[in-house]
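Before I ask anything, here is the structure I am working with.
A short reminder: the numbers here are calculations on the coordinates, not readings from a lab. Since this is a predicted model, take the numbers as computed values, not measurements. Methodologically, a virtual Cβ is constructed for each residue, glycine included, from the backbone with ideal geometry; neighbour enumeration extends over all protein chains shown.
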Amino acid sequence: MKIGITCYPSVGGSGVIATELGIQMAKRGHEVHFIASSVPFRLGNNYDNIYTHKTEVNDYSVFKYPPYDITLSSKISEVIDEFDLDVIHMHYAIPHAVCGILAREMSVKKDVGIITTLHGTDITVLGHDMSLVNAIKFGIEHSDITTSVSDSLKVETYDLIEPKSQIETVYNFVDESRFNTEDRDLIKAQLKEKLGIPSDAKVIMHTSNFRKIKNVNHVVKSFELLAQSVNCHLVFVGDGPDLYAIRQMVKDKNLQDITHFIGQETDVTSYYKLADIFLLLSSKESFGLAMLEAMYCGAVPIGSTAGGISEVIKHGETGYIVDVGDYQQVASHIKQLLNDDDLYKRIQENMLIDVKERFDMDTIVDQYEALYQSIMTGE
Ligand code: GMT
């Protein structure tokens, strides 16, 4: 097949999934065309059958706002015709699904299939904005297939947007050849030495884009409680709007000597291996791809009840789920886990088995491939 993929190419779960999926499709022999504002950040190597097409948004003075959506649609239509694409996979309803539909209308080839994947914020945040609801609904209903990364996101989409078409859940996946427990102890020891973390201290980790919905302040509050009785350090990876406030909060609570801010890191694998516990305490989270990556690397997760997190963690079996905002309960679960080696090992073992069963890359790539094929054959 000849597949076009459009996503936000910057660091973020939706771009990661779009890129990994494209790489896997290319490895299966399909021709893959990324059409985006820049080369997706995880697309490191050169692959024979992967092509990238960059959109340049011109900022003419006649425009009050640069026309990203129109430029992108135009570029997608060019690529559809030039390379005779069979399907285009649009990640995010807004604006990408709408761009895909517009591109199909603009192109000569009118039978290109459109698959849209909903990732989260396009529904859970934008879906509350009445000025966008019709556009989101249009994007979903005019795509040939719409998928959602969790059941929870699917339900929320039906509640908020009420599309008349079907939405299918296809979970996110992780490439086990990169995210695994290989050399976990060695990497842990090396990083502890590099960061000045004592070898017997436990490590709590969080990574995100530090947006308000990530509730990073709850991570600090639970860590503050934990640090009163447990020898532990906190590691933050990532950057974003709340980072400055979080740094200040850490200082105010006098936790700066046991807290480490790593900043933006495109390869976070080593930090997942350093972590004993991974925290994701968001108020909105459709899936939590970073948490799944951390779990593949052996870090036991504690997540909030938001969105699809409870579809990834099985409470009490592969980690713990706590109500959004209940940081005392977070601290109490961590304490319980870190004070009981048998419990920690049992949960970690269950977790590694479970994630490999339910979020296996090949199985999920098969699902997407079958969906592409079903559009082409019209079945
Ligand atoms: O979490 C973010 O803010 C980034 C966002 C994105 O657009 O990349 O992530 C969303 O898509 C990921 C991949 O499907 C999901 O794992 C994240 O849970 C989802 N984020 C939210 O729902 C807030």
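For LYS253 paired with THR363, estimate the spin-label separation in nm (one decimal), with each label point 7 Å from Cα along the Cα-to-Cβ line.
The answer from the label model is 3.7 nm.
Skipping prolines and chain starts, which residues have an amide H placed within reach, meaning under 5 Å, of the one on HIS119, given they are 5 or more residues away or on another chain?
TYR92, ALA93
Determine the gain in length on full extension of the stretch MET106-ALA245; use 0.36 nm per residue of separation and subtract their C-alpha separation, reporting nm with one decimal.
45.5 nm
With a bin width of 10 angstrom, please list the P(r) values of the range 184-358 as percents of all Cα-Cα pairs, from the 0 bin to the one holding the largest distance.
In whole percents, the pair-distance histogram is 10, 43, 39, 7, 0.
For THR259, list long-range residues whose amide hydrogen, built 1.01 Å from N in the peptide plane, is under 5 Å from its own amide hydrogen.
LEU234
Here is a follow-up. For labels at ALA370 and ASP151 in the simple 7 Å Cα→Cβ model, what's the distance in nm?
The two pseudo-label positions are separated by 1.8 nm.
Additional query: Which three extents, in whole angstrom, do the alpha-carbon atoms of the range 114-208 cover along their principal axes, largest first?
The principal-axis extents, from largest down, are 56, 28, 18 Å.
What are the extents of the Cα atoms of the chain along their three principal axes, listed from largest to smallest and rounded to whole Å?
On the principal axes, the chain reaches 67, 43, 38 Å in Cα extent.
Could you derive backbone 3J(HN,Hα) for the range 300-311 from the dihedral phi with the Karplus parameters 6.51, -1.76 and 1.60 (θ = phi - 60°), listing whole Hz in sequence and x where the residue is Gly or Pro?
Result, ordered by residue: 7, x, 10, x, 8, 6, 5, x, x, 4, 6, 8 Hz.
So for SER165, SER208, fewest C-beta neighbours within 10 Å to most, what's the order?
So the residues, fewest neighbours to most, are SER165, SER208.
While we're here: How much of the DSSP bridge set in the chain is antiparallel, in percent, rounded to the nearest 5?
0 percent
List, in order, the whole-Hz ³J(HN,Hα) value for each residue of the range 26-39 obtained from phi through the Karplus relation with A = 6.51, B = -1.76, C = 1.60 and θ = phi - 60°; use x for Gly and Pro.
5, 5, 7, x, 7, 9, 10, 10, 8, 10, 7, 6, 7, 5
Next up: In the range 48-120, how does Rg compare with the Kirkwood Rh, expressed as the Rg/Rh ratio over alpha carbon atoms?
My calculation of the ratio gives 0.99.
Right, something else. So for the chain, taking the charge dipole from beta-carbon charges (+1 Lys/Arg, -1 Asp/Glu), which of THR207, LEU85, HIS142 sits furthest toward the positive end?
It is THR207, whose Cα lies furthest towards the positive end.
Rounded to the nearest 0.05, what FRET efficiency is calculated for ASP59 and ASP159 with R0 set to 41 Å and r the Cβ-Cβ distance?
0.65
Here are some pairs, LYS75/LYS154; LYS214/LYS345; LYS202/LYS345; LYS2/LYS110; which of them have Cα atoms lying more than 24 Å apart in this structure?
Where the Cα-Cα span goes over 24 Å, the pairs concerned are LYS75/LYS154; LYS214/LYS345.
Can you sort LYS137, LYS64, LYS110 so the residue with the fewest Cβ neighbours within 10 Å comes first?
Going from sparsest to densest Cβ surroundings: LYS64, LYS110, LYS137.
In whole Hz, what ³J(HN,Hα) sequence does the range 347-353 give by Karplus (6.51, -1.76, 1.60; θ = phi - 60°), x for Gly and Pro?
Karplus values, whole Hz, x for Gly and Pro: 5, 4, 5, 4, 4, 5, 5.
Also, I was wondering about something else. Let a ≥ b ≥ c be the square roots of the eigenvalues of the Cα gyration tensor of the range 49-201; is it rounded (a/c under 1.5), or, if not, prolate (a/b larger than b/c) or oblate?
Prolate, since a/c reaches 1.5 and a/b exceeds b/c.
Treat the count of other C-beta atoms within 10 Å as a stand-in for reagent exposure and order CYS232, CYS99 from fewest to most.
CYS232, CYS99
Return the percentage of antiparallel bridges among DSSP beta bridges fully within the range 184-358, rounded to the nearest 5 %.
Antiparallel bridges make up about 0 percent of those DSSP assigns within the range 184-358.
A further question on this structure: What FRET efficiency comes out for the pair HIS315/LYS194, r = Cβ-Cβ distance, R0 = 45 Å, nearest 0.05?
The computed FRET efficiency comes out at 0.85.
Right, something else. Just need the relative contact order of the chain here, percent rounded to a whole number, with Cα pairs under 8 Å and 6+ apart.
14 percent
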